[in-house]
Amino acid sequence: MFRHPWAPYAFIAPAFIGLFVFRFIPIGLSGFGSFFSENLRGDMVFVGLKNYAELMDDPSFWNTMRVTLIFNLIINPFQICCALALAMLVRRPSKFIDVFRLGFIMPMTVSIALTSIIWSILLDPTLGPVNGLLRWGGFQSQPFFRSEHQALETLILVATWKGAGYWMIFLLSGLLAIPKEIDDSALIDGATGIRKFISITLPLMKRPLAFVLVADTAANFLLFAPVYIITNGGPNGATQLLMFEAYQAAFAYINHGRSMAISTIILVVVLLIAMFELRLFIPAEEEQS
Amino acid sequence: MSHRLSEGLRYTLLVIIAVILLTPIYWLVMSSLRPADHIFRFSGNFSIETLIPFAFTLDNYSQALQSNVGRALFNSLFVSLTTVICGVFVNSLAGFAFAVFDFRFKKLLFVLILLSFMMPFESIVIPLYTLMRTIGWTDTYAALIMPEVAGGLIIFLFYQFFRGIPREIYEAARMDGANWWQIYYKMTMPLSGPTIATASLMIFIHQWDAFFWPLVATSSERLAVIQVAIARNMTMEQANWGAFFASASLAVLVAMVPFFWLQRHYVKIVITNADR
């Protein structure tokens, strides 16, 4: 490592100014603004914890919280299992494997907004090709996003369609980093198939898995576009996720104090979960490396 | 299980997954090539024509390009590419500092970077909008570009790669009298092709994908990026499905270009990033 009186600061200055202005100030504003509320004349007045107290008393907020937590408890493990399965399948170099590697990340090119629109058409009860295929195969057509009982599950599947390939990239780079010798010695010891995967591969994947889990949770906690475009939180609140609630508070009900209180709650919850997830994977003493 | 059997099983799975992942994109592009009144004719009742259009037309594309979609594609490209250029520069500088120097507050600043990419952007969209309103940047390109330039994940990516460059190279250059800017600009960056490619791809796709922030930050038609324009066209003129499928296909096909272009680099970085 080198030392220099000012060069390192000059090098990091542009990035830190950017992060400070566009990340840390808004975070501060969100915490600060959540203590204010607009009065009838349109002035912001300090109201202390009133915005939070109102949220705590609001059953619809608790429904949002419940839906968001259920959504995340299912989608994060599911998406990561899918991504890991994809990564394992394309891990070993063989014929056409580059084609599959590229093919699996193609859904990344479909933006989340387009993903929402396209899948809402694909899954339409009458016009949707998926139901067309189901009827053709002799099955009943399904309501998908139109049903209170299927909407959240459908949302999870659609988000996974788009996300699995993206997270696969990080896990694949982890898998490819495992030295070949370890694989070979495992074979000599007679470890194959599932046993080898659990006792050898998984422990070596701790770091990439931890990174993907944290990043994936953060992304899914903030899922917004499909709810905004397809379901509007419905049917009957079944897909009312936190980020959509914050958006509604700010832009539909013009209640900035409430919206900032929700944003602040989201930030704190995401950070707490991220810290918990990191602890789960990487015990404290290892963290230094 | 014999080797050949398990390979057969593996390829069967690979093909099934590829079909699931790629069919929606295929269907989107095929629909864009159908005459507008054919788009939904075969979708609800499955037949061979659901998959392969028998009647082709480019009408939808000429219609889409006459509307605001051309402008929106330009906006998206302009915003994404500008962010890529600024982002690669700004974040590689920071990554360089963390990889090469020892300095006061280094640990603390590094933790701040990690925190900044754990907090996803969307959660600060509303306070950020308030900030933009205060400095008068709402409805400008700057509002779309500037917040996405500095990014913790990209700094981290560069840091990881730069750390692997042996320090002897720097020592030799210092002996020859090069200053740190010259070392960064003439030695480190030219060595970093694959990392720059990966960072560019990540920034590009992130900006191309952006929906929530542009929706909030820009309200005028003139500044609508492609994702916002498509969503607005959807709600305003429900009926024009032909134009929707054409503009959506354009948005997807343009986003594919850098993937095919940088594919080589990408696979390579996945492997070199290996040493963590």
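The values are calculated or read from the model by the stated rules, or taken from the named source; none is laboratory data. Predicted model only: the values in this text are computed from it and were never measured. Every residue, glycine as well, gets a Cβ built from its backbone with ideal geometry; the counts of neighbours run over all protein chains shown.
Scan the range A:169-187 and tell me whether some residue there is basic (Lys, Arg), part of a helix (DSSP H, G or I) and within 22 Å of residue B:152 (Cβ to Cβ). The answer is no, given that none of the residues of the range A:169-187 is basic (Lys, Arg), part of a helix (DSSP H, G or I) and within 22 Å of residue B:152 (Cβ to Cβ).
For residue B:17, state whether it is within 15 Å of residue B:246 (Cβ to Cβ), at the interface with chain A (Cβ under 10 Å from one of its Cβ atoms) and surrounded by 15 or more Cβ atoms within 10 Å (Cβ to Cβ).
It is false that residue B:17 is within 15 Å of residue B:246 (Cβ to Cβ), at the interface with chain A (Cβ under 10 Å from one of its Cβ atoms) and surrounded by 15 or more Cβ atoms within 10 Å (Cβ to Cβ).
Every residue, every condition in (1) in a helix (DSSP H, G or I); (2) at the interface with another protein chain (Cβ under 8 Å from one of its Cβ atoms); (3) under 30 Å from residue B:160 (Cβ atoms), yes or no:
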| position | (1), (2), (3) |
| --- | --- |
| A:194 | yes, no, no |
| A:197 | yes, no, yes |
| A:214 | yes, yes, yes |
| A:235 | no, no, no |
| A:246 | yes, yes, no |
| A:263 | yes, yes, no |
| A:267 | yes, yes, yes |
| A:278 | yes, no, yes |
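Has the range A:248-255 got any residue that is away from every other protein chain (no Cβ under 11 Å) and either buried (at least 22 other Cβ atoms within 10 Å of the Cβ) or on the phi > 0 side of the Ramachandran plot (or both)? Yes, the range A:248-255 contains at least one residue that is away from every other protein chain (no Cβ under 11 Å) and either buried (at least 22 other Cβ atoms within 10 Å of the Cβ) or on the phi > 0 side of the Ramachandran plot (or both).
Scanning the range B:143-182 for residues that are modelled with pLDDT of 90 or more and aliphatic (A, V, I, L, M) yields B:143, B:144, B:145, B:146, B:149, B:150, B:155. Within the range B:104-130, residues that are under 16 Å from residue A:220 (Cα atoms) have Cβ atoms under 8 Å from residues that are surrounded by fewer than 16 Cβ atoms within 10 Å (Cβ to Cβ) and modelled with pLDDT under 85 in these pairs: B:118/A:271; B:119/A:271, counting only partners at least 6 apart in sequence or on another chain. Exactly one residue out of B:98, B:42, B:46 is modelled with pLDDT of 90 or more and either touching a helix residue (DSSP H, G or I) at 6+ places or on another chain (Cβ under 8 Å) or of a type in the set (A, V, I, L, M, F, W, C) (or both): that is B:98.
I'd like the residue in the range A:110-119 that is in a helix (DSSP H, G or I) and not polar (S, T, N, Q) and, out of all such residues, is nearest to residue A:152 (Cα to Cα). Full working, then the answer.
Filtering the range A:110-119 down to residues in a helix (DSSP H, G or I) leaves A:112-119.
With not polar (S, T, N, Q) added as a condition, the list becomes A:112-114, A:117-119.
Values: A:112: 16, A:113: 17, A:114: 18, A:117: 16, A:118: 17, A:119: 14 Å.
Per the criteria, the residue is A:119.
When you look at residue B:24, is it more than 8 Å from every other protein chain (Cβ to nearest Cβ), touching a helix residue (DSSP H, G or I) at 6+ places or on another chain (Cβ under 7 Å) and surrounded by 11 or more Cβ atoms within 10 Å (Cβ to Cβ), yes or no? Against the criterion (more than 8 Å from every other protein chain (Cβ to nearest Cβ), touching a helix residue (DSSP H, G or I) at 6+ places or on another chain (Cβ under 7 Å) and surrounded by 11 or more Cβ atoms within 10 Å (Cβ to Cβ)), residue B:24 does not qualify.
Scanning the range A:132-141 for residues that are buried (at least 16 other Cβ atoms within 10 Å of the Cβ) and either more than 7 Å from every other protein chain (Cβ to nearest Cβ) or outside any helix (DSSP H, G or I) (or both) yields a total of 1. Across the range B:6-26, not a single residue is classified as among the small types (Gly, Ala, Ser) and in contact with an Asp or Glu (Cβ under 8 Å, 6 or more places away or on another chain). The residue list A:72, A:76, A:51 contains one member that is in contact with a strand residue (DSSP E or B) (Cβ under 7 Å, 6 or more places away or on another chain), in a helix (DSSP H, G or I) and either among the aliphatic types (A, V, I, L, M) or buried (at least 19 other Cβ atoms within 10 Å of the Cβ) (or both), which is A:51.
Output the residue which, of all residues in the range B:27-41 that are more than 8 Å from chain A (Cβ to nearest Cβ) and part of a loop (DSSP other than H, G, I, E, B), is surrounded by the most Cβ atoms within 10 Å (Cβ to Cβ).
Taking the range B:27-41 as the starting set, the residues that turn out to be more than 8 Å from chain A (Cβ to nearest Cβ) are B:29-39, B:41.
Remaining after also requiring part of a loop (DSSP other than H, G, I, E, B): B:33-35, B:39, B:41.
On the way: B:33: 20, B:34: 24, B:35: 14, B:39: 21, B:41: 14.
Step by step, filter the range B:27-41, then rank; the result is B:34.
A single entry from A:8, A:107, A:26 fulfils the requirement of being in contact with a Leu (Cβ under 6 Å, 6 or more places away or on another chain), at the interface with chain B (Cβ under 8 Å from one of its Cβ atoms), in a helix (DSSP H, G or I) and farther than 30 Å from residue B:7 by Cβ: A:26. Checking each residue in the range A:167-176 for being facing another protein chain (nearest Cβ under 9 Å) and either acidic (Asp, Glu) or under 12 Å from residue A:104 (Cβ atoms) (or both) picks out A:169, A:172.
For the range A:120-130, which residues satisfy the criterion of being assigned to a helix (DSSP H, G or I) and at the interface with chain B (Cβ under 7 Å from one of its Cβ atoms)? Working first, answer last.
Step one: filter the range A:120-130 for residues assigned to a helix (DSSP H, G or I), giving A:120-122, A:129-130.
Once the filter is applied, which keeps residues that are assigned to a helix (DSSP H, G or I) and at the interface with chain B (Cβ under 7 Å from one of its Cβ atoms), the range A:120-130 yields A:122, A:129.
Of all the numbered requirements in (1) more than 9 Å from chain A (Cβ to nearest Cβ); (2) in contact (Cβ under 8 Å) with a residue 40 or more places away in the chain, residue B:190 misses one, and that requirement is (2).
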